[in-house]
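For reference, the structure discussed in these notes is given below.
The values are calculated or read from the model by the stated rules, or taken from the named source; none is laboratory data. This is a predicted model, so every value here is computed, not measured. We place every Cβ from the backbone using ideal geometry, glycine too, and count neighbours over all the protein chains shown.
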Amino acid sequence: MSDLDVMKKWLQEEYTIGIPKDVYAITSKYLSKKYNKKSYILKVCLIIHRLSEMPWYTQEQISEDIGIDKKELIKLNKVIRDCDFFQQLIVKEGLGRKYWNTIIPYVKNGAVDKVINYEYQFPLRVALFPGLSCMYYCGFCGRNQKAIYDPSIIEKGNERFKNIISSMPKYSTISISGGLEPLTNKGLGDIISYAKSLGMKVPLITNGHMLTPSYVSKNSGIWDLDSLRISLYGTDDESTYFVTRHKKAYNLVKNNMIEFLKKRNEINPDLKFGLNYIIIPDNIDTIIPLLEYIIEVNSKVDNGRGVDFLTIREDFGSVTDGDDIDVKDRIYHLDGFLSTEQRKNLIDIFKEFNDRKEKECSELHVDFGYAMVALGDGILGKPLARVSGKQMRVSGYPQMSVAVDSSGDIFLYREAGFLDRPGNDKFIAGRVTDKDTFEDVLREFVENGKVIDRKDTDCRFMDSYDHLMTILVNQAESDKNFGIPFNLGPVQIRLSESNSKQKQYKISNNWYKD
Ligand SMILES: C[S@@+](CC[C@H](N)C(=O)[O-])C[C@H]1O[C@@H](n2cnc3c(N)ncnc32)[C@H](O)[C@@H]1O
Ligand code: SF4
């Protein structure tokens, strides 16, 4: 086995005090004479292992774990930071590699520092929520199931979306999602085409219910998308009805998908098409059928490529996390998260899934998401990284990410971006109006240092990305307060760079490649 393979295997296992002999020997090879001593080798191993699995592990925690003072830790950090092999292990080879993928551009862009220092910057990531209503009732979705927007706001709302798009600097990215169901906005195609005309890559997330051949023929702007991801809510009539409570959902979406793919192959083969599938305790047994579903869809697309990518996600607990704040009026209730037993079960299921995928559907790009990546590798790993509501940033992180809806309301957290979701108003940074532009509202919000009173149950307003961003900013602040900011830490890629370079690190807004 190569050095890299030995280390990778070790990083996949739970950290234990007795470091395996081969890991010890390899680590020692990469250390200079001064640090090539047992006590240092063990410390270096622990730092690498911890950070490769939990990129949010703070310097204070590390200092406690290995029992050294700050001065010594700063020196050791430099040794690790200057070694390319150690850097690769931390950022690319551990169970936390998906988290690292998301984190890196934000640190390199200097956005994390700007959040901590209350400095304004146009958000790196803007989510447009143009939907006016939704026809499904997914049990894990935080939407207010009774709320719909007044359709008369559409014209102004769409003009506002275009204004926001034209004000975006080159380093920012957009996505179109919800909120509610984006295809319910009849001007959606125009918004997509407008963004494309300015050179932007536009991804769309939709439940696919309205993506009928007739809709597609009337809304040619849809072909200007870079990618379209359908959130699939079941693999047969029963499982789809269980989640959506819509009797037509299964057949309609499947047919829409097949017809869309045929047209895609004729009109714009560059458009990447994928599915998202949320795994909840109730649908674990639909994962193999999910692969069969994709294979069947592909077989019906008789003029070229079928489904390009699949993202598999865990419920991030927007509704199911045990509180009943906005659960009482819902059509049905779902239980909580996957149990450890169910996660163990998933390891076997994913193994069969991966084996069959390679044989029967090898072109499909599968993205297992932050916490599922370990299960996909055949390892239990840790559940999704989450923080409590009290740990949320007092002023959000609008320099990094916001969502904006058809009324012009700018939401600090994406799961807050549902019309009339109880308790979400405190997470609205402000409203874009004829007088106040998107930038005016955000600049004022940031520079005034507005502080939000959070409660523990407010964690329901965060999706998995928001949990991760919160953890990242909290870590950066903790390390800074501890006296070992990222610049003195063990990760090379977290060193901030000069302003001229910062803007080059554009955030990825696609799911069709790693
Ligand atoms: C809120 S939906 C809005 C767009 C559209 N209505 C749809 O369902 O695709 C945006 C995405 O969030 C996902 N989602 C909603 N609640 C979730 C949860 N609790 N955990 C993980 N993903 C969730 C949906 O499946 C969808 O892919
Ligand atoms: S997840 Fe999407 S489709 Fe499901 S209820 Fe929420 S907005 Fe509607």
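Considering the stretch 229-240 alone, what residues qualify as being assigned to a helix (DSSP H, G or I) and either outside the structural domain of Y332 (by TED's automatic domain parsing) or under 26 Å from the mean Cα position of the chain (by Cα) (or both)? Quick ask: steps written out before the conclusion?
Pass one, the stretch 229-240, residues assigned to a helix (DSSP H, G or I): 237-240.
Within the stretch 229-240, S239, T240 qualify.
Residue count for the stretch 196-228, restricted to those that are outside any loop (DSSP other than H, G, I, E, B) and more than 12 Å from ligand 2 (Cβ to nearest atom): 17. Any residue at all in the stretch 317-327 that's part of a helix (DSSP H, G or I) and either of a type in the set (D, E) or within 16 Å of ligand 2 (Cβ to nearest atom) (or both)? Taking every residue of the stretch 317-327 in turn, none turns out to be part of a helix (DSSP H, G or I) and either of a type in the set (D, E) or within 16 Å of ligand 2 (Cβ to nearest atom) (or both). More than 16 Å from ligand 1 (Cβ to nearest atom) and of a type in the set (G, A, S): does that describe S172? In short, yes.
Screening the stretch 413-430 for residues that are surrounded by fewer than 15 Cβ atoms within 10 Å (Cβ to Cβ) and among the charged types (D, E, K, R) and picking the one that is farthest from ligand 2 (Cβ to nearest atom) gives K426.
Regarding F273, is this residue part of a helix (DSSP H, G or I) and within 28 Å of F140 (Cβ to Cβ)?
Working: part of a helix (DSSP H, G or I): no; within 28 Å of F140 (Cβ to Cβ): yes.
Here the answer is no, as F273 does not meet what is asked.
Remark: pairs (first residue in the stretch 93-110, within 15 Å of D367 (Cβ to Cβ); second residue crowded, with 23+ Cβ neighbours inside 10 Å and among the hydroxyl-bearing types (S, T, Y); Cβ separation under 8 Å; 6+ apart in sequence or on different chains) = R97/S52; K98/Y370; Y99/Y370; T102/Y370. K98 meets all of the listed conditions (1) more than 16 Å from ligand 1 (Cβ to nearest atom); (2) in a helix (DSSP H, G or I) but one, namely (1). Pairs are defined by a Cβ separation below 6 Å, a sequence spacing of at least 6 or placement on different chains, a first member in the stretch 133-155 that is closer than 20 Å to M210 by Cα and assigned by TED's automatic domain parsing to the domain that holds F316, and a second member that is more than 7 Å from ligand 2 (Cβ to nearest atom) and part of a helix (DSSP H, G or I); the pairs so defined are S133/T184; C138/V243.
Give the number of residues within the stretch 374-389 that are among the hydrophobic types (A, V, I, L, M, F, W, C) and under 13 Å from the mean Cα position of the chain (by Cα).
Of the residues in the stretch 374-389, the ones among the hydrophobic types (A, V, I, L, M, F, W, C) are 374-375, 379-380, 384-385, 387.
From what is left, the residues that are under 13 Å from the mean Cα position of the chain (by Cα) are 384-385.
So the count comes out to 2.
For the stretch 196-221, enumerate the residues that are of a type in the set (A, V, I, L, M, F, W, C), over 18 Å from I267 (Cβ atoms) and crowded, with 16+ Cβ neighbours inside 10 Å. M200, I205, M210 - these are the residues of the stretch 196-221 that are of a type in the set (A, V, I, L, M, F, W, C), over 18 Å from I267 (Cβ atoms) and crowded, with 16+ Cβ neighbours inside 10 Å.
Residues that are among the aliphatic types (A, V, I, L, M) and in a helix (DSSP H, G or I) occur at least once in the stretch 161-181.
What is the residue count in the stretch 78-89 for residues that are touching a helix residue (DSSP H, G or I) at 6+ places or on another chain (Cβ under 6 Å) and under 16 Å from N487 (Cα atoms)? Can you show your working first?
So in the stretch 78-89, the residues touching a helix residue (DSSP H, G or I) at 6+ places or on another chain (Cβ under 6 Å) come out as 79-81, 86-87, 89.
Of the ones still in play, those that are also under 16 Å from N487 (Cα atoms) are 79-81, 87.
Residues that pass the stated criteria total 4.
Looking across the stretch 130-160 at every residue that is in a loop (DSSP other than H, G, I, E, B) and among the small types (G, A, S), the one that is farthest from ligand 1 (Cβ to nearest atom) is identified as A147.
Quick one: is D190 over 26 Å from N298 (Cβ atoms), of a type in the set (D, E), away from ligand 2 (no atom under 16 Å from the Cβ) and surrounded by fewer than 19 Cβ atoms within 10 Å (Cβ to Cβ)?
yes
The conditions of being aromatic (F, W, Y) and surrounded by 14 or more Cβ atoms within 10 Å (Cβ to Cβ) are met by Y370.
Across the stretch 262-281, a minimum of one residue is classified as assigned by TED's automatic domain parsing to the domain that holds R305, aromatic (F, W, Y) and within 15 Å of ligand 1 (Cβ to nearest atom).
The condition (being surrounded by 17 or more Cβ atoms within 10 Å (Cβ to Cβ), farther than 23 Å from A385 by Cβ and either within 12 Å of ligand 2 (Cβ to nearest atom) or of a type in the set (S, T, Y) (or both)) is satisfied by just one residue among L128, L132: L132. Could you say whether any residue in the stretch 333-342 is loosely packed, with under 14 Cβ neighbours inside 10 Å, β-branched (V, I, T) and more than 28 Å from D226 (Cα to Cα)? The answer is yes; a qualifying residue exists.
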